[in-house]
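Take a look at the following structure, please.
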Ligand code: EPZ
């Protein structure tokens, strides 16, 4: 398995282009299952998770053609030949569960493996199930698989989610586009990926209002047609690379960056003393070499501080000028990067859902390893500011969500390289 070697090397300067959003693309791709006409996505990110979703869709009978080095995905689900999402694919990537709503709505049946727990938490699917049952689906758990069927067409309903789950909102909205009648989803997730999904569904002929607010209303239609849709900018890749000049010093412009995608993240970066500015092409982040100010951070649903940037923020705060407290409220086990950062000299005390981080003057390079995607990239960020070499092992996780990380960071002056096959 590849590793990434980072040598702390002072300020970063230049431009980093931000890709299309992994988490938007992973919900846009299953939307192809809703129509027998082609759906084409542009600005797709080139990531292993996208290849996994491609395999899953192909296993269901969809045609998926990757063009322009993977940035364009041309999909067609004219004939669905299989309605089972197999455990072997679902266990690799939880987002596979996003085929459940579309298959059920289009084919009246779906058998989807339960993904099981993962490193960051148990991540049950009760909200997906409750929402689809409210639309009239009958769902049973047998042999580790959810067996879902609907006697006729799904029927619109009023659904009030206990928690604004991103995935459940996506499954319910997709299913409701083809239901009979009106669905009102209350306490819906408001993340930019949901807004992007709704834009795409609307381009396919769906009638939806309220995306980006807590109440989404969907008027079911008889069929959806083909469309071409550009994937929204990846706000998490954006936030990750905004931390690079904050931790190492420097001045970097993030092409395609938008402040409105970042919710509470920009405010916290500014509170830490980092300069953030909108430009004609994106966002510019500048910070003189030196320690940032400590800030307290609490992860929340959008527009709060995103859980997917908590590990990267912790890396930044390990060198802050004082003590910060990070509170993780979305996932119950998302501090696995803390012990690895501590191997690099970070002073971190994890107690339940809180982590107290006391900034040190300088981190020290070390061999480290992480068990999830955002944790892995936080170690690379820490390596940019550390003295000596940091070897991040098991970059399999990183490749799921960051395209060409070593190229993007080298382009702004980082000393970073991929070591093949260790
Ligand atoms: C999405 O996961 C993202 N994944 C995650 O990105 C992200 O961390 C998360 O949203 C929160 O923003 C994709 O979009 C593919 P949730 P999702 O359902 O949809 C609980 C990354 O690094 N919950 O909003 O699975 C759940 O256990 C990742 O790119 C239930 O209790 O997130 C969790 O504690 C990782 N029952 C909380 O809600 C349910 O039925 C948030 O989960 C569903 C969720």
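Quick check of the Kirkwood formula: for segment 128-169, what is the inverse mean of 1/r over all pairs of different Cα atoms, in Å?
By the Kirkwood definition, the hydrodynamic radius is 11.2 Å.
Quick one: Cα centre-to-centre distance for segment 192-223 and segment 339-384, in angstrom?
Between the Cα centre of segment 192-223 and that of segment 339-384, the gap is 39 Å.
Further question on the same structure: Roughly what would the spin-label model give for residue 143 and residue 347, points 7 Å off Cα along C-beta, in nm?
For the pair residue 143/residue 347, the computed spacing is 5.7 nm.
Same structure again: If we count other beta carbons within 10 Å of each Cβ, what is the order of 89, 18, fewest first?
With the sparsest Cβ surroundings first, the list reads 89, 18.
Give the value in nm², to one decimal: projected area of the alpha carbon convex hull of the chain, averaged over all directions. Please report the intermediate quantities before stating the final value.
Values: hull surface 72.7 nm².
Mean projected area for the chain: 18.2 nm², to one decimal.
Let me ask something additional. Which whole-number percentage describes the relative contact order of the chain, with Cα contacts under 8 Å and a sequence gap of 6 or more?
Result for the chain is 21 percent.
In degrees, nearest 10, range 0 to 90: what is the angle between the Cα axis of helix 166-176 and the longest Cα principal axis of the chain?
20 degrees
Could you give the length gained on full extension between residue 119 and residue 327, defined as 0.36 nm per residue of separation minus the Cα-Cα distance, in nm?
73.1 nm
Shifting gears a bit: Nearest 10 degrees, 0 to 90: what angle lies between the long axis of helix 192-203 and the longest principal axis of the chain (Cα atoms)?
The angle comes out near 30 degrees.
Based on the alpha-carbon gyration tensor of segment 268-354 and its eigenvalue square roots a ≥ b ≥ c, which shape applies: rounded if a/c is under 1.5, prolate if not and a/b is larger than b/c, or oblate?
oblate
For segment 110-153 and segment 2-26, what is the separation of their C-alpha centers, rounded to whole Å?
Answer, in whole Å: 35.
Further question on the same structure: May I ask you to derive the relative contact order of segment 230-359, considering only C-alpha pairs under 8 Å and at least 6 residues apart, and to give it as an integer percent?
About 21 percent, as a whole number.
How much length is gained on full extension from residue 79 to residue 270, taking 0.36 nm per residue of separation minus their Cα-Cα distance? Spell out each step's value before the answer.
Numbers: separation 191, 0.36 × 191 = 68.76 nm, distance 5.07 nm.
63.7 nm is the gain from fully extending residue 79 to residue 270.
Where a ≥ b ≥ c are the square roots of the eigenvalues of the C-alpha gyration tensor, would you call segment 86-195 rounded, which needs a/c under 1.5, or, failing that, prolate if a/b is larger than b/c, or oblate?
Oblate, since a/c reaches 1.5 and b/c is not below a/b.
Here's another thing I want to ask about it. What is the fewest-to-most order of 128, 78 by other Cβ atoms lying within 10 Å of their Cβ?
The most exposed by this proxy come first: 78, 128.
Please give the length that would be gained between residue 407 and residue 59 if that part of the chain were fully extended, namely 0.36 nm times their separation in residues minus their C-alpha to C-alpha distance (nm, one decimal). Walk me through the intermediate numbers first.
Working: separation 348, 0.36 × 348 = 125.28 nm, distance 3.26 nm.
Full-extension gain reported as 122.0 nm.
Which order results if 146, 255, 391 are arranged by neighbouring Cβ count within 10 Å, fewest first?
So the ranking, lowest neighbour count to highest, is 255, 391, 146.
Using only the C-alpha atoms of segment 362-422, find the volume of their convex hull and express it per residue in Å³.
Measuring per residue, one finds 80 Å³ for the Cα hull of segment 362-422.
By the gyration tensor of its Cα atoms, with a ≥ b ≥ c the square roots of the eigenvalues, what is the shape of segment 22-230: rounded for a/c under 1.5, prolate for a/b over b/c, or oblate?
rounded
May I ask for the distance between the Cα centers of segment 43-62 and segment 74-95, given as a whole number of Å?
Result: 9 Å between the Cα centres.
Assuming R0 = 41 Å, what is the FRET efficiency of residue 158 and residue 362, from their Cβ-Cβ distance, to the nearest 0.05?
0.15
Relative contact order for segment 81-157: what percent, with Cα pairs under 8 Å and sequence separation of 6 or more?
Once normalised by length, the contact order is 30 percent.
Taking the Cα atoms only, what angle lies between the long axis of helix 373-385 and the longest principal axis of the chain, rounded to 10 degrees?
For 373-385 against the chain, the angle is about 20 degrees.
All of the numbers you see were taken from the coordinates with simple rules; none came from a lab. Treat the numbers as computed from the prediction; the structure is a model and nothing was measured. FYI the Cβ positions are ideal-geometry reconstructions off the backbone, even for glycines, and counts take in every protein chain you see.
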